[in-house]
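*Asks:* Quick one: this structure, given as structure tokens, is what I'll be asking you about.
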Amino acid sequence: MGRSGKPEIVRNTAGEDVTPSVVYFDGDDVTVGSAALNLLVHEPDNVVTHVKRQIGNSSFLVLPESNDNEYRAEDVSALILASLVAGAEEILGEEITDVVVTVPAYFSDLHRSATRQAAELAGLNVLRLINEPTAAALSYGLEHDFTGTLLVYDLGGGTFDVTILDCRNGNFDVRASTGDRNLGGFDFNNELFAVVDAKFEAETGSRIPEDVIEHVMQGVENAKRTLSTSGKASVHVSAGAKTARLSVTIEEFEQGAADLLTRTEFLVEEALEAAGVTYEQLDKVILVGGSTRMPMVGRLVERISGQKPDRTVHPDQAVALGAAIIAEQAQADLGGSVPALPQGKSIELSDVISQGIGVLALDQTQRMSLSLVMPPQTTIPSQVSADSYATAVDNQQVVNLQIAVGDDDGAAADTVDLLGEAILKLAPNRPAGSPLRVVFSADIDGIIHVQLVDLTDGTHLGEMEVRRPESMTPDQLEQSREIIAAARFT
């Protein structure tokens, strides 16, 4: 935050406002950002991209050719964060220990926990996780002194979110949020690549070979940017003796990407329905994320909403600016000495979980299904109690609940995502049928906690340990800390 109380972007050491989330490994030397991206074509086995989609996925491993380490998505994310912090410290001339980290609104507890873990691996103290569209709305609302109902259409490089919220006098109340963590600019690139690949085959009789795909994809990315301001672009493909300079039009690109755009439209409709809002009741629509620069996005939003989206918000910076505002307030809440917000404004923010939380249990047909405890769009922080539990046998030693993520009560177990197991040891001598209350809470970061109460005497039995199978083990965490500590940023 600047001394005026307004957030300011700190450029990275390369003088850029935006740092691509790309990492290049050269032994223990690590390069993050544009320089790493430039090496993707030449050393694809030492470069990792789009790691955000893999956060919390234990089966995803990066095995660089240049060293013997194994990196999970959390490790790569930690390296990105550590590099950003090191650069900011160098420029500002002061140590940075506390951070606010933004996440896609559609991230579940698993992805949020993994993101927090990544920041902690980087040696950072996480003050808060905040949803990206909510952060953008904060930045926009305070900058423009906006009052009304706002829709944030957030299409980034890898994810899509849509959030609807009310903004009044410094109060930001999210009414609904949904999205797709596997829908972003990366997927639009793939559709444009498919157009180029088909043209290459028509001209040469063969598809683009796998060993030149990364090089072509860089050309595709450049062509996509060109098509945001021009009706035509070209992509050069060189594959051995076969070379071609292929022309692609904006119409061909938009036809190929039409289904992706329609998916975002469906999600906007879903969010409106969940919020109980019509297009006519929206006072403003803003576009966030670099991928909203594609002309087809602006046209879609104008067509379905009936209003031109407000483009005064910076698509690449709005989220970071909003996060800085939250960080300023969090520091103030901790008693830190920080600049006040302009005009003495204070902020009250309420958000929601975009996906429901429940317990897997046998239903009346003895089928394992989801018993929904917190439906989607539950305001956070929030706490819900369920009294329909009891010990199954005499002298039961442990209570074990399977926690799952899903939107529909009664959904079959194989149609929802298992979050993990909540486990708590019990004191002995309880008879079968002893009533228990399970207390579920979602904290301000959207992370789930489970507690247990003995209804026989009202004794609070403690917080259950939520074991997330995709989370890193203590041994893995220790190994990761050593690897990250040994990394040298170049």
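*Asks:* Among the residues of the range 15-45, write down those that are outside any loop (DSSP other than H, G, I, E, B), in contact with a helix residue (DSSP H, G or I) (Cβ under 7 Å, 6 or more places away or on another chain) and surrounded by 20 or more Cβ atoms within 10 Å (Cβ to Cβ).
*Replies:* Start the filter on the range 15-45 by keeping residues that are outside any loop (DSSP other than H, G, I, E, B), which leaves 23-26, 29-32, 34-38, 44-45.
Then keep just the ones that are in contact with a helix residue (DSSP H, G or I) (Cβ under 7 Å, 6 or more places away or on another chain); that gives 23-26, 30, 32, 44.
Across the range 15-45, the qualifying residues are VAL23, TYR24, PHE25, VAL30, VAL32.
*Asks:* Against the condition polar (S, T, N, Q) and surrounded by 22 or more Cβ atoms within 10 Å (Cβ to Cβ), how does THR149 come out, does it pass? Explain how you work it out, then say what you get.
*Replies:* Values: polar (S, T, N, Q): yes; surrounded by 22 or more Cβ atoms within 10 Å (Cβ to Cβ): no.
No; evaluated as a whole, the condition is false for this residue.
*Asks:* Go through the residues of the range 386-400 one by one and say whether even a single one is modelled with pLDDT under 90, of a type in the set (D, E, K, R) and under 26 Å from the mean Cα position of the chain (by Cα).
*Replies:* The answer is no; no qualifying residue exists.
*Asks:* Still on this structure, please answer the following. Can you name every one of the strands (runs of 3 or more DSSP E) wholly within the range 225-296 that holds 3 or more residues which are in the same structural domain as THR159 (by TED's automatic domain parsing)?
*Replies:* Numbers: elements: 232-239, 242-249, 284-288.
Those strands (runs of 3 or more DSSP E) span 284-288.
*Asks:* Here's another thing I want to ask about it. Condition first: under 25 Å from GLY290 (Cα atoms) and of a type in the set (Asp, Glu). Now tell me which residues in the range 120-149 satisfy that.
*Replies:* GLU132, GLU143, ASP145, listed by residue number.
*Asks:* Could you count how many residues in the range 458-478 are over 18 Å from SER59 (Cβ atoms) and either touching a residue at least 40 places away in the same chain (Cβ under 8 Å) or of a type outside the set (A, V, I, L, M, F, W, C) (or both)? Outline the logic, then answer.
*Replies:* Step one: list which residues in the range 458-478 are over 18 Å from SER59 (Cβ atoms), which gives 458-466, 474, 478.
Checking the rest, the ones that are also either touching a residue at least 40 places away in the same chain (Cβ under 8 Å) or of a type outside the set (A, V, I, L, M, F, W, C) (or both) come to 458-460, 462-466, 474, 478.
So the count comes out to 10.
*Asks:* Further, regarding this structure: Mind checking which pairs have a first residue in the range 265-283 that is closer than 14 Å to VAL174 by Cα and a second that is assigned to a helix (DSSP H, G or I), Cβ under 6 Å, 6 or more apart or different chains?
*Replies:* Note: no pairs meet the criteria.
*Asks:* Need at least 3 residues that are touching a residue at least 40 places away in the same chain (Cβ under 8 Å) and of a type outside the set (A, V, I, L, M, F, W, C) per element, so show me which strands (runs of 3 or more DSSP E) inside the range 122-197 make the cut, counting only ones lying wholly within it. Full working, then the answer.
*Replies:* Details: elements: 125-131, 148-155, 160-168, 171-180.
Ranges flagged: 148-155, 171-180.
*Asks:* Are there any pairs, at least 6 apart or on different chains, whose C-beta atoms fall under 6 Å, with the first in the range 81-102 and more than 17 Å from ALA487 (Cβ to Cβ) and the second of a type in the set (S, T, N, Q) and not in a helix (DSSP H, G or I), and if so, which?
*Replies:* Pairs that qualify, where the first residue is more than 17 Å from ALA487 (Cβ to Cβ) and the partner is of a type in the set (S, T, N, Q) and not in a helix (DSSP H, G or I), are THR97/ASN125; ASP98/ASN125.
*Asks:* Look through the range 451-490, keep the residues that are aliphatic (A, V, I, L, M) and under 23 Å from the mean Cα position of the chain (by Cα), and return whichever of them is surrounded by the fewest Cβ atoms within 10 Å (Cβ to Cβ). Can you show your working first?
*Replies:* Step one: filter the range 451-490 for residues aliphatic (A, V, I, L, M), giving 452-453, 455, 461, 464, 466, 472, 477, 483-487.
Now narrow it down to the ones that are under 23 Å from the mean Cα position of the chain (by Cα): 466, 472, 477, 484.
Details: VAL466: 19, MET472: 21, LEU477: 15, ILE484: 21.
Only one residue tops the list, namely LEU477.
*Asks:* Would you pick out the residues in the range 277-291 that are surrounded by fewer than 21 Cβ atoms within 10 Å (Cβ to Cβ) and among the polar types (S, T, N, Q)?
*Replies:* Of everything in the range 277-291, those that are surrounded by fewer than 21 Cβ atoms within 10 Å (Cβ to Cβ) and among the polar types (S, T, N, Q) turn out to be THR278, GLN281.
*Asks:* Also: One residue is enough: does the range 29-41 have a residue meeting the conditions modelled with pLDDT under 90 and assigned by TED's automatic domain parsing to the domain that holds THR115?
*Replies:* Taking the range 29-41 first, the residues modelled with pLDDT under 90 are 41.
Filter again for assigned by TED's automatic domain parsing to the domain that holds THR115, leaving 41.
Yes, because at least one residue in the range 29-41 is modelled with pLDDT under 90 and assigned by TED's automatic domain parsing to the domain that holds THR115.
For (1) among the basic types (Lys, Arg); (2) surrounded by fewer than 18 Cβ atoms within 10 Å (Cβ to Cβ); (3) more than 21 Å from SER21 (Cβ to Cβ); (4) at pLDDT 95 or above, each residue gets a yes or a no:
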| residue | (1), (2), (3), (4) |
| --- | --- |
| GLY158 | no, no, no, no |
| THR163 | no, no, yes, yes |
| VAL174 | no, no, yes, yes |
| PHE188 | no, no, no, yes |
| GLY219 | no, no, no, no |
| ALA223 | no, no, yes, yes |
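*Asks:* Any idea which of VAL85, VAL48 is buried (at least 16 other Cβ atoms within 10 Å of the Cβ), within 23 Å of VAL220 (Cβ to Cβ) and not aromatic (Phe, Trp, Tyr)? Talk me through it step by step, then tell me what you get.
*Replies:* On the way: VAL85 fails: within 23 Å of VAL220 (Cβ to Cβ).
Going through VAL85, VAL48 in turn, the sole match is VAL48.
*Asks:* A further question follows. Restricted to the range 190-212, and to residues that are touching an Asp or Glu at 6+ places or on another chain (Cβ under 9 Å) and farther than 30 Å from LEU151 by Cβ, which residue is surrounded by the most Cβ atoms within 10 Å (Cβ to Cβ)? Before you say what the answer is, go through the steps one by one.
*Replies:* Looking only at the range 190-212, we keep the residues that are touching an Asp or Glu at 6+ places or on another chain (Cβ under 9 Å), and these are 191-192, 195, 199, 207-208.
Pick out the ones that are also farther than 30 Å from LEU151 by Cβ and you get 195, 199, 207-208.
Values: VAL195: 20, LYS199: 18, ARG207: 12, ILE208: 23.
Once the filter is applied, the top-ranked residue is ILE208.
*Asks:* Only one residue in ALA386, ALA411, ALA422, ALA392 is buried (at least 19 other Cβ atoms within 10 Å of the Cβ) and either in the same structural domain as VAL450 (by TED's automatic domain parsing) or without any contact (Cβ under 8 Å) to a residue 24 or more places away in the chain (or both), so which one is that? So that I can check it myself, show each step before the final result.
*Replies:* Numbers: ALA386 fails: buried (at least 19 other Cβ atoms within 10 Å of the Cβ); ALA411 fails: buried (at least 19 other Cβ atoms within 10 Å of the Cβ); ALA392 fails: buried (at least 19 other Cβ atoms within 10 Å of the Cβ).
The match here is ALA422.
The values are calculated or read from the model by the stated rules, or taken from the named source; none is laboratory data. Worth saying up front: this structure is predicted, and the values here are computed from it rather than measured. Cβ: placed from backbone, ideal geometry, glycine included. Neighbour counts: every protein chain shown.
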